């Protein structure tokens, strides 16, 4: 294995054709340069320089290693520059994630603002459920994620911090022809005979299960549909009803109506999750997310 400093020494000796001048440039003693070049030649399997009456020059093996050394040192220098820019918040890659309904408007609006203020930051966006996003944050794959406690609480992940972003009311989506479609706001008990479209239910506590218990009934049927497009399709066909966060209201098709419920606890909390040591660009995006929420409330 060749160390970067030894490769830098090789390049400098080749540039000056002299151990002595390379020592002066790199602030080494001439004997230290000779020892390090000798050690490098041992690891390389043979001599790298022809020793001349005055100075040295690369031999064929030395020219081969010199070519690779230039490439390695340039790559490392470029990595140092990119990291410096990244940690200064002036650019680089920013990996972000959000759950589906946060990607309908909230995250895109904040990212557009980030692009306007920091065009040199390149965003890599991903979508997934909260649990998966928290795992990706813990694994260092994401720099920031918008997560929520819906439908069954906010999971924890080692090394990940969360800050509350906002609360989001949960409404119910009904087909246009439903008997309660024009009721505006009503008690959840009015839907006791309906089938419910829910991605998770029964294996752990959920907001829907808790709300139904407070209203004094258990859903007669749960249809396991995870994706919003599928839920909307089933509701439109009269095959069930679904809780829909207000954040997703603009995505509800015209064949459905969104009604509010009287239960004040039917709401979820959105959080911004980041590693314990966040990137400056991630902190700026968190501020922009808060600004978006503030304008919409």
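The values are calculated or read from the model by the stated rules, or taken from the named source; none is laboratory data. What you see is a predicted model, and the numbers here were worked out from it, not measured in a lab. FYI the Cβ positions are ideal-geometry reconstructions off the backbone, even for glycines, and counts take in every protein chain you see.
Observations
- Test: residue in the range 101-120 that is farther than 24 Å from residue 211 by Cβ, assigned to a strand (DSSP E or B), outside the structural domain of residue 253 (by TED's automatic domain parsing) and in contact with a strand residue (DSSP E or B) (Cβ under 6 Å, 6 or more places away or on another chain): no
- Filter pass, residue 195 being buried (at least 17 other Cβ atoms within 10 Å of the Cβ), in the same structural domain as residue 254 (by TED's automatic domain parsing) and touching a helix residue (DSSP H, G or I) at 6+ places or on another chain (Cβ under 6 Å): no
- Given (1) within 29 Å of residue 295 (Cβ to Cβ); (2) out of contact with any helix residue (DSSP H, G or I) (no Cβ under 6 Å at 6 or more places or on another chain); (3) touching a residue at least 12 places away in the same chain (Cβ under 8 Å); (4) surrounded by fewer than 17 Cβ atoms within 10 Å (Cβ to Cβ), index of the condition residue 127 fails: (2)
- Just one residue in the set 58, 52, 83, 48 is loosely packed, with under 15 Cβ neighbours inside 10 Å and at pLDDT 90 or above; that residue is 52.
- Residue list for the range 212-229, filter: without any contact (Cβ under 8 Å) to a residue 60 or more places away in the chain and surrounded by fewer than 15 Cβ atoms within 10 Å (Cβ to Cβ): 213, 214, 216, 217, 218, 220, 221, 224, 226, 229
- Restricting 61, 69 to those that are farther than 30 Å from residue 245 by Cβ, free of Cβ contacts under 8 Å to residues at least 40 places away in the same chain and not assigned by TED's automatic domain parsing to the domain that holds residue 149 reduces the list to 61.
- Evaluation of residue 136 against the conditions (1) part of a helix (DSSP H, G or I); (2) in the same structural domain as residue 19 (by TED's automatic domain parsing); (3) in contact with a strand residue (DSSP E or B) (Cβ under 7 Å, 6 or more places away or on another chain) shows that the sole unmet condition is (2).
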